[in-house]
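Accompanying notes for the structure given below.
The values are calculated or read from the model by the stated rules, or taken from the named source; none is laboratory data. Since we're looking at a predicted model, the values are computed, not measured. A quick note on method: Cβ atoms are made from the backbone with ideal geometry, for glycine too, and the neighbour counts reach across all protein chains shown.
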Amino acid sequence: MNIIERYDATLKSKVETACRRIAPLWPLKHFVAVNPYFGLSDQSFWQADQTLRRVTGTGLCMPREYYKEQLANGRITRNDLTGALQEMGSTWDLPSLDREMARKDEKPKSSFPLLSDVLGDLEHREWSGFVVERISQYCAAYFDEGQALWTMPWK
């Protein structure tokens, strides 16, 4: 296998991996029925959480403050925590969990900023909302299957 064939095989593999991460959204009318985390279904819950934190800056779990509030109002009890630690087979005990809960959440930071966010920061203009609005309007018109009163011309 020469270098071009190796490059082609690597590229093909990367494209196939990326395609598996994208949920099947066509026809568009079925979009609401698709799990938004479909592309992470090959990962464990914790792996998916870390992937989302790295890519989007937010994970699958609520922030620590949420759990502190639930403990304070009694919705979660110390017995619940003990049971959860045992069920997970954790080596932690309640004092180590208390120490971890006392730490402040680090502000999540996405390592992949959107181009529209970068432009917005540079130009002091809110490009993300503009881009989402325009693309949404175009897609709604283009992929319309008779829902709209007016059809898209030149389609």
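The set of residues in segment 133-155 being free of Cβ contacts under 8 Å to residues at least 12 places away in the same chain and within 25 Å of Thr56 (Cβ to Cβ) consists of Glu133, Arg134, Ile135, Ser136, Gln137, Tyr138, Ala140. Of everything listed in (1) surrounded by 13 or more Cβ atoms within 10 Å (Cβ to Cβ); (2) more than 30 Å from Phe38 (Cβ to Cβ), the single unmet condition for Lys104 is (1). Test Leu52 against the stated conditions and say whether it is surrounded by 10 or more Cβ atoms within 10 Å (Cβ to Cβ) and under 27 Å from the mean Cα position of the chain (by Cα). Considered against the rule, which asks whether it is surrounded by 10 or more Cβ atoms within 10 Å (Cβ to Cβ) and under 27 Å from the mean Cα position of the chain (by Cα), Leu52 comes out as yes.
Conditions tested, residue by residue: (1) assigned by TED's automatic domain parsing to the domain that holds Ala140; (2) in a helix (DSSP H, G or I); (3) at pLDDT 95 or above.
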position	(1), (2), (3)
Asp8	no, yes, no
Leu25	no, no, no
His30	no, yes, no
Pro36	no, no, no
Asp80	no, yes, yes
Ser90	no, no, no
Leu97	no, yes, no
Glu100	no, yes, no
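Take the conditions basic (Lys, Arg) and modelled with pLDDT under 85 and apply them to Arg53. Does it pass? No.
How many residues, within segment 131-155, are surrounded by 12 or more Cβ atoms within 10 Å (Cβ to Cβ) and farther than 25 Å from Leu52 by Cβ? Selection size over segment 131-155: 5. Figure legend. Inter-residue proximity from segment 82-95: first residues of a type in the set (Phe, Trp, Tyr), second residues surrounded by 12 or more Cβ atoms within 10 Å (Cβ to Cβ), beta-carbon distance below 8 Å, spacing 6+ or different chains. Indicated pairs: Trp92/Leu85.
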